[in-house]
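Structure, as structure tokens:
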Amino acid sequence: SSRRAASPNPATNFQALLDNNTFSPPSIAAAAGTNALMVALNTELSVQDRSGVPLFTTTLSNFWGSQIGVNGRVFGSKMAYDPSADRWIFTACANPQSPASSLLLAVSATSDPVGTWFQYSIPIDSTNNLTWGDVGGLGFNDDWIVVTKNLRATGGNTFSRSRIYVFNKAALMQSL
């Protein structure tokens, strides 16, 4: 028989980012790195040190800036800290229920999540304008960053299919 050890008590705990109740659901995403914690809701992004001291807070619209497009709505964040590259990876969706829907992808230029980011906007369906991108997943290894998105019929919420996007990690981590 195998014995399971009890989970250790946390070394610290603190409140991350409070929901401002302006968007439902809040869709929480978080990642912990060597020296910081990033937390995103459908409204805001916050970076805190590992003791909970706020270092930076902004709206998702401000973070993504010109990458957003027509209606300025960003949602469905996913994020990760890549310890082998000492970088942060952040993805979201923009422009729901619109032919201008896009996958947003950002990789930090350094280990500092408050610093510079390389940001990309990838159209979901620029050929037919029949689908928009909804929440999916995020993963990575030493060579690739993989993002999945659920595609839904433009102008509605009917599920169409899923799509997998595979990016060369080294290429994304270089200046444009």
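The values are calculated or read from the model by the stated rules, or taken from the named source; none is laboratory data. If you're wondering where the values come from, they're calculated on a predicted model, not measured in any experiment. Every residue, glycine as well, gets a Cβ built from its backbone with ideal geometry; the counts of neighbours run over all protein chains shown. Remember, those area values only see protein heavy atoms, side chains included, never the ligands or the DNA or RNA. Shrake-Rupley method; radii C 1.70, N 1.55, O 1.52, S 1.80 Å.
Points worth noting:
- Count of the range 109-143 residues, restricted to those that are part of a strand (DSSP E or B) and over 17 Å from ALA32 (Cβ atoms), is 14.
- Among the conditions (1) open to solvent by 20 Å² or more (accessible area, probe 1.4 Å); (2) of a type outside the set (Gly, Ala, Ser); (3) assigned to a strand (DSSP E or B), CYS93 misses just one, which is (1).
- Tabulated pairs, the range 3-26, first farther than 16 Å from SER46 by Cβ and open to solvent by less than 100 Å² (accessible area, probe 1.4 Å), second at pLDDT 85 or above and not β-branched (Val, Ile, Thr), C-beta under 7 angstrom, 6+ apart or interchain: THR12/SER51
- Considering the range 134-176, the residues that are of a type in the set (Gly, Ala, Ser) and more than 20 Å from PHE75 (Cα to Cα) include one that is surrounded by the fewest Cβ atoms within 10 Å (Cβ to Cβ), namely SER175.
- The residues listed here are ALA106, ALA100; of these, the one that is closer than 21 Å to SER27 by Cα and either in a loop (DSSP other than H, G, I, E, B) or of a type in the set (A, V, I, L, M, F, W, C) (or both) is ALA106.
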